[in-house]
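Chemist: Here it is, the structure, as structure tokens.
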Amino acid sequence: MKTIRFLLAGAALLASQAAFADLKIVTTTADLASITRAIGGSKASVSSLITGARDPHRLEAKPSFMSRISGASLFIAVGLGLEVGYERAILSGSANRRVAIGAAGNLHVGDYCYILEKPAGSVSRAMGDIHPEGNPHVWLDPYNGRLIAKAIEERMSSLDPGNAKAYQQNLESFLDRLDSAMFGKAAVGRHGAQRLWEWSNAGTLAGKSDVGGWAAQMAPLSGKAIITYHRSWSYLARRFGLKVVEELEPKPGLEPTPGHLAEVVKVGSQQGAKLILQEPYFSRRSSDFVAGRIGASVVVAPLSVGHDPAAKDYIGLFDTIIAKLKAAS
Ligand SMILES: [Zn+2]
């Protein structure tokens, strides 16, 4: 009798655990995991392949990734070529057809974002490690963060319709938090998020004195010339009006050379660049060299959730980047 009761209790426990995490989701980056967790709440278990301060372009196709993906119902990547070096290998190694490229369990959020720097002509290796589908660092504009969150919610709801209502509610509250962080709660209440984003997209937000949040914090930096290391920051720069005048990489993915750095020094001083923004996984040597020549500050900022202890989630990522930019300017 005791054994039976024990078995029944065990079965009930298993059933309740399954109910707690109906969807098992694996994402490539920690940013996607953070957004997905916000939407999934207690209904989904979410983990990312990349943790810590790793370059999202470069990841080894480890067997442990394949076994984690083998049990997933949904695999979420940025797409646009960011994971091109390893996605196919880990998906085929996982032998999980539900998440194969093109299947319902495979989502590339880049397909739902607005895209910058899509090359017009044909792409050759001579152009460097360039992404033929456009710049994949889409998540660094919170506007794309909204589009990403909606795409994830829709896919989760279609794979798990029983929890669709919860996913939709969680999406609404995530968007509300994101909009309030971007513009301030009061401005969102007064104008509505849609109109604020329209003004931001049109570049007419500057005239609205009641706007708070990241938009207000970044307003003094609008129009300022900056230098970046890799072309990671285009979306952030576009959203907040920063002018990227040079990059330390001579071509995307190639290490800085003395000749190119001399050119960066020239352009940087002509344009009055006072900030050099770099990713945490590169050496500071080139940034410090240029900064010393032109009297600029180096800002090492997280590109992703987890790159910096303060960047705990997607909203915290922008809080951290913006605080670092403000402190250096
Ligand atoms: Zn890149």
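Chemist: Is there any pair linking a residue in segment 235-254 that is without any contact (Cβ under 8 Å) to a residue 12 or more places away in the chain and among the hydrophobic types (A, V, I, L, M, F, W, C) to one that is outside any loop (DSSP other than H, G, I, E, B) and more than 14 Å from the ligand (Cβ to nearest atom), with Cβ under 8 Å and at least six apart or on different chains, and which?
Modeler: Listed pairs, sorted by first residue: 237/226; 237/243.
Chemist: Among the listed residues 145, 259, identify the single one that is crowded, with 20+ Cβ neighbours inside 10 Å, part of a helix (DSSP H, G or I) and among the small types (Gly, Ala, Ser).
Modeler: So the residue among 145, 259 that is crowded, with 20+ Cβ neighbours inside 10 Å, part of a helix (DSSP H, G or I) and among the small types (Gly, Ala, Ser) is 145.
Chemist: For the condition of a type in the set (A, V, I, L, M) and away from the ligand (no atom under 16 Å from the Cβ), what is the one hit in 301, 273, 237?
Modeler: Only one candidate qualifies: 273.
Chemist: A further question on this structure: If you scan segment 73-94, which residues turn out to be buried (at least 22 other Cβ atoms within 10 Å of the Cβ), away from the ligand (no atom under 16 Å from the Cβ) and free of Cβ contacts under 8 Å to residues at least 60 places away in the same chain?
Modeler: Scanning segment 73-94 gives 75, 90, 91, 94.
Chemist: Would a scan of segment 22-31 turn up a residue that is of a type in the set (Asp, Glu), at pLDDT 95 or above and either touching a Phe, Trp or Tyr at 6+ places or on another chain (Cβ under 8 Å) or more than 16 Å from the ligand (Cβ to nearest atom) (or both)?
Modeler: Among the residues of segment 22-31, at least one is of a type in the set (Asp, Glu), at pLDDT 95 or above and either touching a Phe, Trp or Tyr at 6+ places or on another chain (Cβ under 8 Å) or more than 16 Å from the ligand (Cβ to nearest atom) (or both), which makes the answer yes.
Chemist: Quick test for you: out of 204, 257, 228, pick the one residue that is within 16 Å of the ligand (Cβ to nearest atom) and among the β-branched types (Val, Ile, Thr).
Modeler: Residue meeting the stated conditions: 228.
Chemist: Hey, does segment 119-130 have a residue that's away from the ligand (no atom under 16 Å from the Cβ), farther than 27 Å from residue 235 by Cβ and either assigned to a loop (DSSP other than H, G, I, E, B) or in contact with a Cys (Cβ under 9 Å, 6 or more places away or on another chain) (or both)?
Modeler: No, every residue in segment 119-130 fails to be away from the ligand (no atom under 16 Å from the Cβ), farther than 27 Å from residue 235 by Cβ and either assigned to a loop (DSSP other than H, G, I, E, B) or in contact with a Cys (Cβ under 9 Å, 6 or more places away or on another chain) (or both).
Chemist: Counting only residues that are in contact (Cβ under 8 Å) with a residue 60 or more places away in the chain and in contact with a Leu (Cβ under 8 Å, 6 or more places away or on another chain), which one in segment 183-225 is surrounded by the most Cβ atoms within 10 Å (Cβ to Cβ)?
Modeler: 218
Conditions tested, residue by residue: (1) within 22 Å of residue 57 (Cα to Cα); (2) among the small types (Gly, Ala, Ser); (3) at pLDDT 95 or above; (4) buried (at least 22 other Cβ atoms within 10 Å of the Cβ).
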position: 279; (1), (2), (3), (4): yes, no, yes, no
position: 283; (1), (2), (3), (4): yes, yes, yes, no
position: 286; (1), (2), (3), (4): yes, yes, yes, yes
position: 289; (1), (2), (3), (4): no, no, yes, no
position: 293; (1), (2), (3), (4): no, no, yes, no
position: 297; (1), (2), (3), (4): no, yes, yes, no
position: 301; (1), (2), (3), (4): yes, yes, yes, yes
position: 304; (1), (2), (3), (4): yes, yes, yes, yes
position: 311; (1), (2), (3), (4): yes, yes, yes, yes
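Chemist: When segment 313-329 is examined, which residues are found to be surrounded by 22 or more Cβ atoms within 10 Å (Cβ to Cβ) and within 12 Å of residue 140 (Cβ to Cβ)?
Modeler: 314, 317, 318, 321 - these are the residues of segment 313-329 that are surrounded by 22 or more Cβ atoms within 10 Å (Cβ to Cβ) and within 12 Å of residue 140 (Cβ to Cβ).
Chemist: Here is a check on your reading of the model: is residue 138 more than 19 Å from residue 237 (Cα to Cα), at pLDDT 90 or above, of a type in the set (Val, Ile, Thr) and within 16 Å of the ligand (Cβ to nearest atom)?
Modeler: So residue 138 does not fit the description; no.
The values are calculated or read from the model by the stated rules, or taken from the named source; none is laboratory data. Note that this is a predicted model, so its numbers are computed, not measured. Note that we place each Cβ from the backbone using ideal geometry, even for glycine, and neighbour counts take in every protein chain shown.
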